[in-house]
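Inspection log for the structure reproduced underneath, given as structure tokens.
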Amino acid sequence: MRRLFIYLYLSLSMTLFSSLAWASASTGFKVAVASNFVSTLKKLRMDYEHRTGKTFSISQASTGKLYAQIIHGAPYDIFFSADSRRPALLVRQGLAYEPAVYAQGQLMLITRKGPGDLCNEDIDQVLLKKRFKKLAIANPKTAPYGIAAEQFINAHGKWNELSRQLVRGENVLQAFHFVTSGNADAGLIAKSLLIDFQNSRRYCQWQVPRQLYQPVKQEMVVLKSTKKRQLVQSFYDYMKSADAKAIIKKSGYFVE
């Protein structure tokens, strides 16, 4: 009898715990975010949770991949794109409300430090002299930072010449990992990825002049399929606040 009581007590406790856990998870919402913005979004989530007591889950991938998931019915509530084209397409397709720019990305060239004074060279000379064996970039077909990298290389007329040296990542985060893992000795990546990178001193770094690539305007859109419009709208409004913008700026982005 005592064993039966313990069994029933444990079963009831587990059921109650599972229900509470489900209820807690159900109060949040789902954010689809381009890979370059993940670490910044996690900082924003901490601040937002502290201020409101509300939370959300994060799914990351390249902008192109997330866009494809959304048009095929992925259950996201809000989409943080790394460009303005995909949000515009979602609005045109009747899948999202009006977008807003939440950040503007910055493109950086990094190379692993070695003998000599490579870090003191001009960024154009580094590219023209091809002071690397493999150059990692995000795939221009799926990632806005890949498009920016292609535009920068094309500005110097070096795309065809460098094509055999390019290592393409699915997104800019993967391109960054190619460099840090040693699979590429240079990379064109998002500045935001360097902010919290502990080994950044091991790399030479150059900020790519903004006039050499089209602005990487990153937009967010609330998806019309959301069943938590009021909750999501609260976070959407928070993203426009001075507090959120301060975090975004500190994380390596331009803000308007």
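Just a few scattered comments:
- Between S59, S181, S200, the GNM of the chain built on Cα springs shorter than 10 angstrom shows S181 fluctuating the most.
- Among complete DSSP H helices in the chain, those whose alpha-carbon atoms stretch at least 30 Å along the helix's long axis and whose mean Kyte-Doolittle hydropathy reaches -1.0 are 2-26.
- Translational diffusion coefficient (Stokes-Einstein; Kirkwood radius from C-alpha pairs) of the chain at 37 °C, 0.692 mPa s, in µm²/s: 165
- On full extension, the segment bounded by L118 and N154 gains 10.7 nm, given 0.36 nm per residue less the C-alpha separation.
- I195 paired with S57, simple spin-label distance in nm, labels 7 Å along Cα-to-beta-carbon: 2.6
- For the stretch 141-204, the relative contact order comes to 27 percent (Cα pairs under 8 Å, sequence separation of at least 6).
- Anisotropy class of the stretch 157-212 from Cα gyration tensor, a/c 1.5 cut: oblate
- J(HN,Hα) series, the stretch 189-200, from Karplus relation 6.51 cos²θ - 1.76 cosθ + 1.60, nearest Hz, glycine and proline x: 9, 7, 4, 4, 6, 8, 4, 9, 7, 5, 9, 4
- Annotation: the antiparallel percentage among DSSP beta bridges lying fully within the stretch 107-207 is about 60.
- Diffusion constant of the stretch 128-256 at 4 °C, which comes from Stokes-Einstein with the Kirkwood Cα-pair radius and 1.567 mPa s, µm²/s: 79
- Among 76-85, 41-50, 62-71, sorting by the average number of other beta carbon atoms lying within 10 angstrom of each residue, highest first, gives 76-85, 62-71, 41-50.
- Taking the C-alpha atoms of the stretch 105-172, convex hull volume expressed per residue in Å³: 92
- A full extension of the chain between Q211 and D47 corresponds to an added length of 55.7 nm, given 0.36 nm per residue minus the alpha carbon distance.
- The slack in the chain from E161 to K240, taken as 0.36 nm per residue of separation less the alpha-carbon distance, amounts to 24.2 nm.
Only the coordinates and a few stated rules stand behind these numbers; no lab work does. Model, not experiment: these values are computed from the prediction. Reconstructed Cβ throughout: ideal geometry from the backbone, glycine too, with neighbour counts over all protein chains shown.
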